[in-house]
Each structure stands twice: as structure tokens, then as C-alpha cells.
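Trainee: Just dropping this structure here.
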Amino acid sequence: MRLLIVTLLLSGAVYTTAVRAQSTDCSVIRIEPERLPDLNIPRFSHATFYAANGELTVAGGHTTSFVPTPTAEYLKDGQWHVMPMAYPHDDGLCVPLRSGKVLLAGGYKENLGVGQTIEAERYDPATHTFEGFGCLDRRRTHVSAVELPSGQVVAAGNWYHTDAIETYDGGMYFETAREVSVPRSLPYLFCLSDSDVMVVSGYWDNYGKVIRNNSIVDRLKGDSFRVPLFDTWQPYLLPNAPRTDDSFIGDMEQGIFAYLLPVRDSVGRVAICEVRDTVFSLLPTATPVPMKYEQDSIIYNTPVIVDRQSQRGYIMGGDTIGRTYILCIDYAKRPAALTLYYADPLSEAAGGIPILTPDGNLITTGGIARGGTWFTPTKCVWLFPVGNRSDEAAEAPMTFSQRYWPIYFALALLALLGLLLWVKRRRLFQRKTAERTDEPVTAGSDASASTVPDSQQPSAGQEQLMQRLVQLMEDEQYYLRSGLKLSDLAYVLNTNIRYISDCINISRGCSFSQFVNEYRVRHAQQLMRDNPDMKLAAVATESGFTNDKALVRSFRDFTGMTPAEWKNFAR
């Protein structure tokens, strides 16, 4: 009876895994968008944000005939109220600051998207006024910006002009902080700490050409590095600058900087990348991201907009007949569950990057009408009800996996019974072998060596982190630093101690000290080959050990011999 109960419990887990592995569909839910009051001025390439006073606000962009508009509007009492701005900002930067004010700068200089501007201004929602105060270090459009926890603002990206990383510390001017290895248009900026930012390519360079070395990531303070994931999956081009604060899934109080980033491969498939510190890996999902609905291809065109309260992310898209799609990502689950919301063709199309409402819905403002161009933006504002839904389970259609769950359950049960029988026979064989040999398992034997079960194989992110650890050891010889600690490597790699320790344990099956000391022993062996008369104490210190006793101890652990014995053996 006990075996039967355990079998049934475990088969439930196996069934769940089978469902996740075999299901290729996700729930699809139809929604009815609500049309809110229209803007006073049609606009596109504008900024949309909730101001500190809670008002939905739009600023800048261009209007009909591709003319930049130096106006903003806020929604109050059921209508939009127009405000004059100090300068037009068409495809410029917009950063809602922690102070409650909003920073705006740059954009197209002339009609038809020609040239770049340099002017900067601040919006005060308490008085509904804009104040011009200074300028960028270089004229810019197609620019992205982010505010660091320290209050410093970082900007990068440009269009038909040079690119660099520049910063703003609250005075009158921005100033160039450093050059970039790859000039970019509409890049993603991810905070790494209170004082560092990663600049990730947004597919195009500053002259509209596809970036060939798209895997290079620049940093405000640290060295540039390469992301192997981007050899296959690349961030896709967006219509406007992404505000990566809207994609944040970490915890700043605990120093965890994590984001969701949509990526696309060479054949057009879309996936979600999880950015955690400097590690980029695909977010595991219960089903692939749906690319079709009723034979119509879905084209996703927004960043991930995160609702941290419900721990869900959303990306929007459309198809050729005018449907609007919203893919919901329950990122707190592993694997993440996906739900596809869709709306039938709207009376006037929605456009631009959406914004999350306080109650978890999505709003789009303005944009390009279906079949239109950048010369014909719209005034329409749409609300898409995706937040705080309690009827999803009732509305969701039965998936293929749910329909055939009895078959999955029976197969899983048979597989588990076979596994239990195999384990029982394996243990019996091992016990009989041990009785024949009567040899105890020693600390240095293969039987006691660290192994990693299949359920703990390294993830893509851990493999990438291990590549960077090996690079630090083999190329930069960090193991030669006496007293090297986990925290030292965590600082260099902009991650934390736990990530590195888990990565080494799972990828190499050893501890951090074993990982480092193996490199030190190899170095000591090479020194003794090249310098046979070198004192053991000198070999130890030049190999990163604190003293010769530590060298002897590790040498014996890795080779089974003392250094003297090894030298005689190696002659």
C-alpha cells in the first residue's frame, strides 16, 4: 500500500511534467477593449507615462504630416487637457524621475524625421508646466534613457549621428561618460547596480543597418562583454525607445537587478529572455510563444510590460487582418505559463508601446492607423482589460494536453512503475557487488565523487556564467590572487555569491575552493617543470596559495602525491 501511494503521488508529478513537455498550445482568451476619450492631437513617437499625481500623460511626438508637436496632454475628469512644452520631442528620451518630475530631451529637429535636437526640459505634474533648463552633450534621436537608483540618468542611442553613453547628474547639462563599441538605435538600457548600466543592441545601428556584432553589450563602468545567447536569439526592433523600468522583475532593496527582454531568432520565432545581472538566458515557458492564431501570423512589436504586483508580463502584437494580441507571461512560475489574449479588429487601430494602469490593465495612446503611415497618426486611446481577471479558467478553452490527460496519466504511471522496478534491481545488484568486494568507499574514490543528477544540469544562464568564470581563470589568471573570495568574483561579474557558488556546484560538481585550487595546482606544476630548483614556498605564493602547507594539501588532493613525489614522477 505504501508503494502504491508513493507511486500515485510521484506519477502525478510525472504527469505534470509530461503535460508541460508535450503541450504546444496555450490558453486563448478573447477580450473586449474599451475606447477611452480621444487625444486632442493625433500623435506618434510620443511618450506616455503616469505622472506622480496619478494622471495619464502623453508628451511630444509628431502629428499629422509628420510635424513634431511641442505639446503634451493629461487625462482628467474624462477629457484630455493640452499643455505647451518648451520644445518638441519627437522620438526623444522620457524618464519619469523619482523626484516626481519627468525629464524629456532630444528628438527629431525638423519635419519628416530629419536631424536631431539637443534641448532638455523637465515636466512638473504638480503645476502642469514644462521648464527648459539645458541640453544633451550631443544631439540625439532614437535615444533611450534610464534613471539609476543613485538618481543619475544614463542615455545612449542615436539616429544618423554619432552615439556614446552620456549621463545627467541634475545640473544644466549631460556629459559624455564613455564611447560605445557598437553605435545603436533605440537600445535597451538595464541597470546593474546603483552606478552601472548595460547597453544592449536594439537590432539597428545609428544609420538603420542591421548590427552584425549584436552580441556585444557595453557598460557605463565595467568592460564590454559578449552574450552567447544573442548569436541565436536577438532583441527585436521596437517602434519607440523601450523604458526598461517597465520590464523590471527584480528587487532593488535586495540588490537584485532582473528584467524580461523579448528576443527573436533568424526564422522569426519569439522567446522571452531573462536578464539577471550580466547573465542572459531564455525564460523556460510551459508552451512555446504562439506565433499564429487561426492561420494568421502574429507580429509582436513591444517590450515586455511587467505587472510586478501580479508577477505577470505582457507583450503586444497584431496580424494582417487587424486583430490585437497580448501575450501574458506568468514569469513567477517555472516554467512560466503563457496566455494569449486577443481582440477583434478595432474601429481605429491601437499603436505605440503600451503602459500599465494602476489596476493592471494596458493602455495604448495614439499610434499609426491600420494601413496608414508615419504621416497619419491617430488620436484614439484604448484600454485592454487583462488585469485582475477571475474568469480566465472558465473562459480558457481546453488545451490538447487537458483533453487527453487520462492517456498521459496512464503512460506516466507505467513509466514510473518501470523506473521503480529498475531502481530496486539496481540496488540489489550494488548490494551483492559490495558483499563480494567488501571494500569501503573512501573519500578519494569515484563512488564518493561529486555528481550532478539530471534534474540539476546547468541552465543556459549557468553555462554562460561558467564560461565567464573560466575566462577569468584561464585568460586573466584570477586564481593567482591569494585570498581570492567568492565575493571578489561576484563583484567583477556584477552578480552575487549564491549565483556563482550554485553555478560551480552544478556545472563542475565541486566547491568554489576546489575549483580555484585545481587551477593553482596546475600552475604550480608548470612552475616546477620550468624551474626545477625553485623553492616550494616560492612556488606556493606564486601559484596563489597562502603558504607551502596549503600547496602540499591541495597537491595531494588533486594528484594523490606530494609536490616532491610528483617531481620525481614527472622527470
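Trainee: When the stretch 288-332 is examined, which residues are found to be part of a loop (DSSP other than H, G, I, E, B) and either of a type in the set (Asp, Glu) or touching a helix residue (DSSP H, G or I) at 6+ places or on another chain (Cβ under 8 Å) (or both)?
Mentor: Once the filter is applied, which keeps residues that are part of a loop (DSSP other than H, G, I, E, B) and either of a type in the set (Asp, Glu) or touching a helix residue (DSSP H, G or I) at 6+ places or on another chain (Cβ under 8 Å) (or both), the stretch 288-332 yields 294, 303, 304, 319.
Rundown of residues vs (1) open to solvent by less than 20 Å² (accessible area, probe 1.4 Å); (2) within 30 Å of residue 293 (Cα to Cα), yes/no style:
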| residue | (1), (2) |
| --- | --- |
| 27 | no, yes |
| 49 | yes, no |
| 54 | no, no |
| 65 | no, no |
| 71 | no, no |
| 77 | no, no |
| 83 | yes, no |
| 88 | no, no |
| 94 | yes, no |
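Trainee: Let me ask something else. Do we have residue 307 as touching a Gly at 6+ places or on another chain (Cβ under 6 Å) and of a type in the set (Asp, Glu) here?
Mentor: The answer is yes for residue 307.
Trainee: State all residues of the stretch 307-327 that are polar (S, T, N, Q) and either free of Cβ contacts under 8 Å to residues at least 12 places away in the same chain or under 14 Å from residue 343 (Cα atoms) (or both); if no residue qualifies, say none.
Mentor: Passing the criteria: 320, 324.
Trainee: Right, here's the next one. I'm told residue 159 meets every condition in (1) hydrophobic (A, V, I, L, M, F, W, C); (2) over 26 Å from the mean Cα position of the chain (by Cα); (3) not in a strand (DSSP E or B) except one. Can you identify the failing condition by its number?
Mentor: Failing condition for residue 159: (2).
Trainee: For residue 18, are the conditions met, namely being open to solvent by less than 50 Å² (accessible area, probe 1.4 Å), modelled with pLDDT of 95 or more, among the small types (Gly, Ala, Ser) and at negative phi?
Mentor: The answer is no for residue 18.
Rundown of residues vs (1) more than 29 Å from residue 547 (Cα to Cα); (2) in a helix (DSSP H, G or I); (3) modelled with pLDDT of 80 or more; (4) not hydrophobic (A, V, I, L, M, F, W, C), yes/no style:
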{"site": "447", "(1), (2), (3), (4)": "yes, yes, no, no"}
{"site": "461", "(1), (2), (3), (4)": "yes, yes, no, yes"}
{"site": "465", "(1), (2), (3), (4)": "yes, yes, yes, no"}
{"site": "470", "(1), (2), (3), (4)": "no, yes, yes, no"}
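Trainee: Of the residues 250, 208, which single one is more than 12 Å from the chain's Cα centre (by Cα), surrounded by fewer than 19 Cβ atoms within 10 Å (Cβ to Cβ) and within 28 Å of residue 364 (Cβ to Cβ)?
Mentor: 208
Trainee: Would you say residue 157 is on the phi > 0 side of the Ramachandran plot and either in contact with a strand residue (DSSP E or B) (Cβ under 9 Å, 6 or more places away or on another chain) or open to solvent by less than 10 Å² (accessible area, probe 1.4 Å) (or both)?
Mentor: Here the answer is yes, as residue 157 does meet what is asked.
Trainee: Name every residue in the stretch 472-487 that is open to solvent by 80 Å² or more (accessible area, probe 1.4 Å) and either modelled with pLDDT of 90 or more or in a loop (DSSP other than H, G, I, E, B) (or both), in order of residue number.
Mentor: 475, 476, 481, 485
Trainee: Right, here's the next one. Could you tell me whether residue 222 is at positive phi and in a loop (DSSP other than H, G, I, E, B)?
Mentor: no
Trainee: If you don't mind, there's one more thing I want to ask. Residue 379 is checked against (1) open to solvent by less than 30 Å² (accessible area, probe 1.4 Å); (2) in contact with a Lys or Arg (Cβ under 9 Å, 6 or more places away or on another chain); (3) touching a residue at least 60 places away in the same chain (Cβ under 8 Å) and fails just one. What number does that condition carry?
Mentor: The number of the failed condition is (1).
Table: residues versus (1) open to solvent by less than 50 Å² (accessible area, probe 1.4 Å); (2) within 30 Å of residue 47 (Cβ to Cβ).
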residue: 227; (1), (2): yes, yes
residue: 236; (1), (2): yes, yes
residue: 242; (1), (2): yes, yes
residue: 287; (1), (2): yes, no
residue: 293; (1), (2): yes, no
residue: 301; (1), (2): no, yes
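Trainee: Let me ask you something else. Listed residues 176, 232; which is within 29 Å of residue 328 (Cα to Cα), open to solvent by 40 Å² or more (accessible area, probe 1.4 Å), polar (S, T, N, Q) and in contact with an Asp or Glu (Cβ under 7 Å, 6 or more places away or on another chain)?
Mentor: From the options 176, 232, the qualifying one is 232.
Trainee: Out of 302, 339, which single residue is at pLDDT 90 or above, among the hydroxyl-bearing types (Ser, Thr, Tyr), within 16 Å of residue 239 (Cα to Cα) and touching a strand residue (DSSP E or B) at 6+ places or on another chain (Cβ under 9 Å)?
Mentor: Exactly one of 302, 339 is at pLDDT 90 or above, among the hydroxyl-bearing types (Ser, Thr, Tyr), within 16 Å of residue 239 (Cα to Cα) and touching a strand residue (DSSP E or B) at 6+ places or on another chain (Cβ under 9 Å), namely 302.
Trainee: Okay, moving on. Among the numbered criteria (1) without any contact (Cβ under 8 Å) to a residue 40 or more places away in the chain; (2) surrounded by 21 or more Cβ atoms within 10 Å (Cβ to Cβ); (3) in contact with a Cys (Cβ under 9 Å, 6 or more places away or on another chain), which one does residue 361 miss?
Mentor: Single failed check for residue 361: (3).
Trainee: Also, I was wondering about something else. Pick from the stretch 200-219 the residues that are of a type in the set (Phe, Trp, Tyr) and in a loop (DSSP other than H, G, I, E, B): which of them is modelled with the lowest pLDDT?
Mentor: 203
Trainee: Can you tell me which of 195, 185 is open to solvent by 30 Å² or more (accessible area, probe 1.4 Å) and hydroxyl-bearing (Ser, Thr, Tyr)?
Mentor: 195
Trainee: Right, residue 501: buried (at least 18 other Cβ atoms within 10 Å of the Cβ), closer than 19 Å to residue 470 by Cα and of a type in the set (S, T, N, Q) or not?
Mentor: So residue 501 does not fit the description; no.
Trainee: I'd like the full set of residues that are in contact (Cβ under 8 Å) with a residue 24 or more places away in the chain and either assigned to a strand (DSSP E or B) or aromatic (Phe, Trp, Tyr) (or both), limited to the stretch 235-255.
Mentor: Of everything in the stretch 235-255, those that are in contact (Cβ under 8 Å) with a residue 24 or more places away in the chain and either assigned to a strand (DSSP E or B) or aromatic (Phe, Trp, Tyr) (or both) turn out to be 235, 236, 248.
The values are calculated or read from the model by the stated rules, or taken from the named source; none is laboratory data. Given the structure is predicted, the values throughout are model-derived calculations rather than measurements. No Cβ is skipped: glycine too gets one built from the backbone with ideal geometry, and neighbour counts run over all protein chains shown. Ligands, DNA and RNA are excluded from the accessible area calculation, which covers all protein heavy atoms including side chains. Shrake-Rupley method; radii C 1.70, N 1.55, O 1.52, S 1.80 Å.
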